[in-house]
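All remarks here apply to the structure that follows.
The values are calculated or read from the model by the stated rules, or taken from the named source; none is laboratory data. As the structure is a computational prediction, the values presented were derived from the model and not from experiment. Methodologically, a virtual Cβ is constructed for each residue, glycine included, from the backbone with ideal geometry; neighbour enumeration extends over all protein chains shown. Only protein heavy atoms, including side chains, enter the accessible area calculation; ligands, DNA and RNA are left aside. Shrake-Rupley method; radii C 1.70, N 1.55, O 1.52, S 1.80 Å.
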Amino acid sequence: MIKMNMLQAVNNALVTAMEADETAMVFGEDVGHFGGVFRATSHLQEKFGKARCFNTPLTEQGIIGFANGLASQGSTAIAEIQFADYIFPAFDQIVNETAKFRYRSGGQFTCGSLTIRTPYGGGIAGGLYHSQSPEAFFAHIPGMKIVVPRNPYQAKGLLLASIRDDNPVLFMEPKRLYRASVGEVPEEDYELPLGKADVISQGSDITVLAWGAQVEVVEKAVEMASSDGISCEVIDLRSILPWDVETVCQSVEKTGRLLVSHEAPLTGGFASEISATVQERCFLNLESPISRVCGLDTPYPLAHEKEYMPDHLKIYEAIKHSVNY
Ligand SMILES: Cc1ncc(C[n+]2csc(CCOP(=O)(O)OP(=O)(O)O)c2C)c(N)n1
């Protein structure tokens, strides 16, 4: 084990993947010599050469179009979209080609060996175009997986699993934690399972669910609630698609309450999907309405970022409200 921050863990996973698989290639805007705007791809070009780590033109649609071709011809394609806010020019390629290629070709071709890495989320004073959390747009596309790590250990294990998974994966990296989250990471090659949530702490009064950078925010709220004698079960979803319905529903059957928190705006956010499924599956176990503590329904505001955020105080209030309902 060595101490790494999340960027170092991502870089380490990329090195591990490229060493193990000579068809693996990393590409995107400025990922080559420069190592990417956050330096997640530092030294890859030096180590593996310009044919395996290279810059693309500034065209996200082009990056994913190229990635689809590369993946469908058998290479392991690892594309970087510089910020999740800039993924939308590639939306058509991802929705209509990446996710559907296997289905459309009757299994003859697949983009399964494509992983799209992209930093997401706010809390860095990045304003409108460097702060959004667009996971819900992609959760609507059968044929994709969506994975979000919350710490360096997860970042390496989940990224390696994503790169080697048989389906295209959107790997969303919480940029606020890139340098802030530091932890022990095994030096060797390892994978963590996709589609499996992580129950971080056991509790009996309410299940509190989040993913990525939002996990540490809910943990802060849960600490406050526990000093009021409220026992919370904290779950990190880790995968948005497919999401671990069994683990979440088992927990809600035990606690009788659910709070879901994410940074993306409330309306149409993935918390809505989770809430609908849980009320279908656990209706008779529910002691109070499912609570969603999410970003505000507004473009991501620079000046009012603090108000926009579903912070620990909003979550703490919602936990108390749910338990005293
Ligand atoms: C659609 C989109 N993708 C990515 C970015 C992020 N971005 C901002 S500046 C920049 C580099 C621009 O380089 P260049 O076009 O050579 O102009 P320069 O700033 O070097 O004059 C990138 C990738 C963006 N603003 N919009």
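Restricted to Cα atoms, the range 167-271 shows a radius of gyration and a Dmax of 14.6, 44 angstrom.
Axis angle, to the nearest 10 degrees, between helix 312-323 and the longest C-alpha principal axis of the chain: 50 degrees. When the chain is described by a simple charge dipole with +1 on each Lys and Arg Cβ and -1 on each Asp and Glu Cβ, the residue from Val15, Ile146, Leu177 located farthest towards its positive end is Val15.
Take every DSSP beta bridge whose two residues both sit in the range 95-237, then give the antiparallel share in percent to the nearest 5.
Working: 3 of 17 bridges.
That works out to approximately 20 percent antiparallel.
Near the amide H of Glu173, within less than 5 Å, lie the amide hydrogens of Thr118, Tyr120, all on another chain or at least 5 residues away, with H placed in the peptide plane. Shape class of the range 260-325 from the alpha-carbon gyration tensor: oblate, with a/c at 1.5 or above and b/c at least as large as a/b.
Highest mean first, how do 46-55, 31-40, 235-244, 15-24 rank when packing is the count of other Cβ atoms within 10 Å averaged over residues?
Working: 46-55: 14.9, 31-40: 19.4, 235-244: 22.6, 15-24: 16.4.
Ranked by mean Cβ neighbours within 10 Å, highest first: 235-244, 31-40, 15-24, 46-55.
Under a Gaussian network description of the chain, with springs only between Cα atoms under 10 Å, the residue in Gly295, Gly106, Gly157 that fluctuates furthest is Gly106.
Aspartates and glutamates near Lys156 by alpha-carbon distance under 15 Å, same-chain residues fewer than 8 away left out - which ones? Of all the aspartates and glutamates, those that pass the test against Lys156 - Cα under 15 Å, at least 8 places apart if same chain - are Glu19, Asp165, Glu173, Glu184, Glu187, Glu188, Asp189, Glu191.
Can you tally the net charge around Glu173? Count Lys and Arg as +1, Asp and Glu as -1, for every other residue whose Cβ sits under 11 Å from the Cβ of Glu173.
Working: positive: Arg117, Arg150, Lys175, Arg176; negative: Glu80.
Spelling it out: positives minus negatives among the neighbours equals +3.
For the pair Leu284 and Asp21, label points projected 7 Å from Cα toward Cβ lie 4.5 nm apart. Within the chain, antiparallel bridges make up roughly 20 percent of the DSSP beta bridges whose residues both belong there. Loop-located chymotrypsin sites (Phe, Trp or Tyr not before Pro) in the range 176-227 (DSSP state not H, G, I, E or B) with no more than 14 neighbouring Cβ atoms inside 10 Å: Tyr190.
Considering only Gly62, Ser239, Val252, the residue lying farthest towards the positive end of the dipole of the chain is Gly62, judged by Cα position with unit charges set on Cβ. What is the percent carbon and sulfur in the accessible area of the range 221-325, measuring with a 1.4 Å probe over the protein chains and ignoring ligands? Reported share for carbon and sulfur atoms: 53 percent.
Angle of helix 60-72 to the longest C-alpha principal axis of the chain, folded into 0 to 90 degrees and rounded to 10: 70°. Sparse packing (at most 12 other Cβ atoms within 10 Å of the Cβ) combined with a DSSP loop state is found for the following GluC sites (Glu not before Pro) in the range 150-241: Glu187, Glu188.
With angles folded into 0 to 90 degrees, how steeply does helix 214-227 sit against the dominant principal axis of the chain? Use alpha carbons for both and round to 10. Value to nearest ten degrees: 20.
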